[in-house]
Amino acid sequence: MAQPTADVRAMRRRLRELRLALDPATRAAAERSIRGLLARLGVFRRGAHVALYLPMRGEVDLSPCLELARARGTRIYVPRIVNRRRRRMLFAPWTAGAARRRNAFGILEPHCAAGARPALALDVVVLPLVGFDPRGHRLGMGAGYYDRALRRRLAAGAWRRPKLLGVAYSC
């Protein structure tokens, strides 16, 4: 993974400022729209293994999708940091009422990693974006957890699963 340039760091900082400046009504409307689009795309279907994320400050809140997915029979996973030094995460099952903890970044995650899977064992991964760089590449928060979890895997020249769906505010 390449080190980000000063321009990329500045772009991330500016996009984080813009999304934090969104008024509550705009934020809520955007989140409803994104959740509706995910539902229409068929992400939440019976038997599918789907990774969502639990938002940190400023990210699109997909928490209402957890109940929708459960009602449709989708198996939901969320990121769980398993090695902070190596910036490694897996995707742990998310069930209502299961014990939770806050990780080093203050993000909720399952307390237990039992049943955790690598990204390649999932059907869909919905991931948060800060935005895109001028070449159309995903800009995350910069720690590289998703980059490591989603290393490119090619089979016969085609992307293997999981399908990746990035979500962000239009700003």
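The values are calculated or read from the model by the stated rules, or taken from the named source; none is laboratory data. Just so it is clear, the structure is predicted and the values come from calculations on it, not from any experiment. Every residue, glycine among them, receives a Cβ derived from its backbone with ideal geometry; neighbour counts consider all protein chains shown. Accessible surface is based on the protein model in full, side chains and every heavy atom, while ligands, DNA and RNA are left aside. Shrake-Rupley method; radii C 1.70, N 1.55, O 1.52, S 1.80 Å.
Values for this structure:
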| quantity | calculated |
| --- | --- |
| Accessible surface ranking that places the most exposed of 49, 137 first, with a 1.4 angstrom probe | 137, 49 |
| Fraction of antiparallel bridges per DSSP, the chain only, in percent to nearest 5 | 60 percent |
| Cα centroid of the range 72-96 to Cα centroid of the range 1-69, whole Å | 16 Å |
| GNM flexibility winner over the chain from 116, 39, 99 (Cα, springs under 10 Å) | 99 |
| The chain: relative contact order as a whole-number percent, Cα under 8 Å and 6+ apart | 23 percent |
| Neighbourhood net charge (9 Å Cβ-Cβ; Lys/Arg +1, Asp/Glu -1) for residue 91 | +2 |
| Net +/- balance of residues flanking residue 110 in space, Cβ distance below 10 Å, scoring K and R +1, D and E -1 | +2 |
| Contact order relative to length of the range 85-133, as percent, for alpha carbon pairs under 8 angstrom and 6 or more apart | 35 percent |
| Beta bridges per DSSP with both ends in the range 1-102, % antiparallel, nearest 5 | 65 percent |
| Residue-normalised accessible area of the chain, given per residue in Å² at a 1.4 Å probe | 59 Å² |
| For residue 28, net neighbour charge (Lys/Arg +1, Asp/Glu -1) across residues whose Cβ lies under 15 Å away | 0 |
| Cβ-placed point charges (K, R +1; D, E -1), dipole of the chain about Cα centre in debye, nearest 20 | 620 debye |
| Loop-located chymotrypsin sites (Phe, Trp or Tyr not before Pro) in the range 93-143, at most 15 other Cβ atoms within 10 Å (DSSP) | 105 |
| About the Cα centre, charge dipole magnitude for the range 40-83 (Lys/Arg +1, Asp/Glu -1 at Cβ), debye | 240 debye |
| Trypsin sites (Lys or Arg not before Pro) lying in DSSP loop within the range 64-109, provided at most 14 other Cβ fall within 10 Å | 84, 85, 86 |
